[in-house]
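Working notes for the structure below.
The values are calculated or read from the model by the stated rules, or taken from the named source; none is laboratory data. Bear in mind the structure is a predicted one, so any value in this text is a computation, not a measurement. Here Cβ is always computed from backbone atoms with ideal geometry, including for glycine, and neighbour counts include all displayed protein chains. In case anyone asks, the SASA skips ligands and DNA or RNA and just uses the protein heavy atoms, side chains included. Shrake-Rupley method; radii C 1.70, N 1.55, O 1.52, S 1.80 Å.
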Amino acid sequence: MNFNTKVIHGGQHHESTTGSVNVPVFLTSTFAQKSPGVHSGYEYSRAANPTRQALEDSLASIENGARGLAFGSGLAAIDCVLKLLNPGDEVVAVDDLYGGTYRMFTRLFEKYQLKFTFVNFDDAAKIAGVITDKTKLIWIETPTNPLMKLVDIKAVVEIAKGKDILVAVDNTFATPYLQRPIDLGADIVMHSATKYLGGHSDVIAGALIAKDAELGEKLHFIQFASGGILGPHDSYLVLRGIKTLALRVQRHSENGMAVAKYLESHPAVAQVIYPGLESHPQYELAKSQMKDFGGMVSFTFKSGKKEDAVKFLEKVRVFTLAESLGGVESLANHPALMTHASIPAEKRAELGITDDLVRLSVGIEDAEDLIADLEKAFS
């Protein structure tokens with residue numbers, strides 16, 4: 001199947017009893033057995049639930065993986081990956097991380113004797129230079145949040161080859177419509193399914209997709225034993241969202257480009273960070289690794305003042321000042337005060353997450369209305 005067909009039909013089956021075209025929401029915690037230990041494939045909903053299974057099969061299909069798993073949040077999915085590791089293991093991670101991921105790495109798992117090294121992945125040699133015989137996981141975001149840095153997935157996979165190192169990619173910003181990391185050699189793909197996969201700002205969810213069945217089974221055991229599953233109703237919402245993923249992300253990308261070009265020409269703007277602009281330092285990598293460029297745009301003010309960013313954000317009306325991203329509606333965010341506030345100020349400054357940085361999640365409204373709203377907010 002091609003992708004636009006996969007999001008609707010990939011891994012899906014009509015319900016066997018009634019022929020229902022859509023998977024029912026199975027609101028049950030347990031399942032009747034014919035004899036002790038003899039069942040229809042379902043025993044207890046923490047282990048498996050038919051609605052969640054349908055979502056997990058869809059996830060595996062659209063990311064070209066062997067096994068999909070659905071979690072109660074993106075962070076629950078990341079937690080599951082880290083539980084593959086043992087005390088003393090080392091993780092090499094991209095330095096420009098989502099604040100919640102950074103918080104989990106440094107404030108939760110470091111005390112369990114995992115070591116995290118944060119590196120700018122713009123040069124593969126930098127990654128190779130910090131890998132040791134204890135390195136067991138390379139964690140990638142591409143594009144990164146919020147500075148829209150790109151990571152050459154193939155190059156990282158090549159560095160990890162033959163070293164017993166897993167390569168995991170947070171594909172939340174790109175989605176499988178734009179980029180499929182497993183096809184590029186990654187072992188694990190992670191999503192905050194709250195964002196583009198769900199697509200409607202009405203569910204909190206996470207996802208993992210494993211490249212091979214053996215790794216998928218290991219992750220499923222951790223999911224089952226730790227209990228961070230996604231409930232059946234939320235599974236249904238994400239599955240419904242996936243059916244329109246291709247349509248939505250194409251529109252997000254079209255609007256993202258229009259907004260980025262508008263911002264690039266505005267006299268109050270110092271820098272626009274969007275992979276689809278030729279001014280992006282990794283524009284050529286974006287063209288080769290991604291189908292299109294998505295709906296996430298960040299920018300800074302020529303004044304460099306936090307006050308100008310805050311004033312701008314207080315004046316938007318079509319855009320909504322809120323955390324999160326990837327919904328049909330456009331959202332505006334101040335990373336230093338909101339999504340990345342958990343990262344120490346000195347670390348934010350080192351990374352370039354300045355106090356005048358604004359991150360936009362460009363939705364699927366009419367681009368003209370979005371640009372008019374931004375123009376008013378600048379005035």
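Just a few scattered comments:
- Computed with a 1.4 Å probe over protein heavy atoms only, the accessible surface of segment 58-157 comes to 34 Å² per residue.
- Share, in percent, of DSSP beta bridges within segment 3-241 that are antiparallel, nearest 5: 45 percent
- Computed on segment 304-349, the Cα convex hull volume stands at 76 Å³ per residue.
- Reciprocal of mean inverse Cα separation for segment 160-266 (Kirkwood radius, Å): 15.6 Å
- Sorted largest first, the principal axis extents computed over the alpha-carbon atoms of segment 6-45 equal 37, 19, 17 Å.
- A simple spin-label model places pseudo-atoms 7 Å from Cα toward Cβ; at residue 2 and residue 225 they are separated by 4.4 nm.
- Förster-model FRET efficiency, 35 Å R0, residue 117 and residue 34, C-beta, rounded to 0.05: 0.10
- Here the label points at residue 365 and residue 311, each 7 Å from Cα along the C-beta direction, are separated by 2.2 nm in the simple model.
- Compared with the direct C-alpha span, the chain from residue 329 to residue 126 gains 69.3 nm at full extension, assuming 0.36 nm per residue.
- Rg/Rh for the chain stands at 0.98; both radii use Cα atoms, and Rh follows the Kirkwood definition.
- The mean sequence distance of close C-alpha pairs (under 8 Å, at least 6 residues apart), as a share of the length of the chain, puts its relative contact order at 17 percent.
- Between residue 320 and residue 183, the simple label model (points 7 Å from Cα in the Cβ direction) yields a spacing of 3.2 nm.
- For segment 61-139, fraction of C-alpha pairs farther apart than 20 Å, in %: 38 percent
- Among 154-167, 246-259, sorting by the average number of other beta carbon atoms lying within 10 angstrom of each residue, highest first, gives 246-259, 154-167.
- Diagonalising the gyration tensor over the Cα atoms of segment 217-272 and scaling each eigenvalue by 5 before taking the square root yields semi-axes of 39, 17, 9 Å, largest first.
- Pairs beyond 28 Å (Cα-Cα), from 136/243; 195/261; 115/302; 211/291; 136/291; 195/218: 136/243; 115/302; 136/291
- Calculated from backbone phi, Karplus (6.51, -1.76, 1.60) coupling profile of segment 27-32 in Hz, x at Gly/Pro: 8, 9, 8, 9, 9, 5
- Entry note: segment 254-379 has Rg to Rh equal to 0.94, where both radii use alpha-carbon atoms and Rh is the Kirkwood radius.
- C-alpha center-to-center spacing [segment 329-351, segment 85-152] in angstrom: 18 Å
- Extension gain, residue 47-residue 254: 0.36 nm per intervening residue step, less the Cα-Cα distance, totals 70.5 nm.
- Less than 5 angstrom separates the built amide H of residue 301 from those of 270, all sequence-distant by 5 or more or on a different chain.
- Sorting 81-89, 141-149 by their mean Cβ neighbour count within 10 Å, with the most densely packed peptide first, gives 141-149, 81-89.
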